[in-house]
Amino acid sequence: MTSSSASLCCILPLSQKSLFEHGKPLGMRHRSALGLTEQYDALIIVVSEETQRVSLALGGHLYRLKKSANLWEEIHGAIHGEFKEIQSLP
């Protein structure tokens, strides 16, 4: 089995929003996900390296999935504006 990378370095737009969770700032991957959705019509799935929690970025907002959430159901719901197991992060 061989592995390959489509891209080794990407420059992504960073959101200028200050995002904190439990008093700690969210990292660059979350800011990049927000920056992409601020500039483009996109739904971005973000996985935290520290906590392995899944978030969705959509329309310049970040939504944390609850641990019991079904990712595919939440993606479908996000596309149709019907979130179920999601917590909005300020």
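Quick look at the values:
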| quantity | calculated |
| --- | --- |
| Conditions (1) over 11 Å from the mean Cα position of the chain (by Cα); (2) at pLDDT 85 or above: number failed by residue 25 | (2) |
| Every residue from the stretch 21-46 that is without any contact (Cβ under 8 Å) to a residue 12 or more places away in the chain and assigned to a strand (DSSP E or B) | 24, 25 |
| Residue that is nearest to residue 24 (Cα to Cα) [pool: residues in the stretch 48-83 that are of a type in the set (Asp, Glu) and surrounded by fewer than 17 Cβ atoms within 10 Å (Cβ to Cβ)] | 50 |
| Tally of residues being touching a residue at least 24 places away in the same chain (Cβ under 8 Å) and not in a helix (DSSP H, G or I) across the stretch 56-80 | 7 |
| Boolean, residue 31 is closer than 24 Å to residue 76 by Cβ and of a type in the set (Lys, Arg) | no |
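The values are calculated or read from the model by the stated rules, or taken from the named source; none is laboratory data. Since we're looking at a predicted model, the values are computed, not measured. Note that each Cβ is placed from the backbone with ideal geometry, even for glycine, and that neighbours are counted across all protein chains shown.
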